[in-house]
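**Student:** I have a structure here, written as C-alpha cells, and I will follow up with some questions on it.
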Amino acid sequence: MGWDAKDIALLKRLWSAGQSAAEIARRLGCSRNAVCGMLTRQGLKRGRKPPTARPKIRPPPKLMSSAACTNRVAQKVSRKTADRRQPKEFSKQQLYAILAEAVKNTG
C-alpha cells in the first residue's frame, strides 16, 4: 500500500482516538501489519496499561545465624532404606476383596 499524507493523517487521528490497528486497517483498506509498520515508522506508541493486579510485597526472609544452621544439620533425620516403613502386605484373598469392591463401586 502506498501511504500518502492523507492516509498518514487519518492513521494518526484514529490512533490517537484509541482505535486498534485492526480497526484502522479495515478503515484504510490495508493489512494490520501495514498499519503497525507505519505506526512504528511514525514513532507512534501507546502508553503501557497499568497492571490490574496489586501484588503484595513481602519482606525478605530473615537470615539465620551460623548457630541456627548448625542446629538444623544436627536435627536432620537419616533416611536409610532400613528406617523406612514397609508397605502393608495383603493376602491374595484380601486383594480379590478390594478389587471386587472397586468394581462394584465403579459399575
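The values are calculated or read from the model by the stated rules, or taken from the named source; none is laboratory data. Everything numeric here is computed off the predicted structure, so don't read it as measured data. Because the Cβ atoms are built from the backbone with ideal geometry, glycine has one as well, and the counts that use them run over all protein chains shown.
**Student:** Among the numbered conditions (1) surrounded by 10 or more Cβ atoms within 10 Å (Cβ to Cβ); (2) modelled with pLDDT of 90 or more, tell me where S16 comes up short.
**Tutor:** The failed condition is (2).
**Student:** Now a separate question. Out of A68, A53, A22, A34, I need the residue that is modelled with pLDDT under 90 and not in a loop (DSSP other than H, G, I, E, B). Which one?
**Tutor:** Step by step, each of A68, A53, A22, A34 is checked, and only A68 is modelled with pLDDT under 90 and not in a loop (DSSP other than H, G, I, E, B).
**Student:** Right, here's the next one. How many residues are closer than 13 Å to A9 by Cβ and either of a type in the set (A, V, I, L, M) or touching a Pro at 6+ places or on another chain (Cβ under 6 Å) (or both) if we restrict to segment 26-43?
**Tutor:** 2
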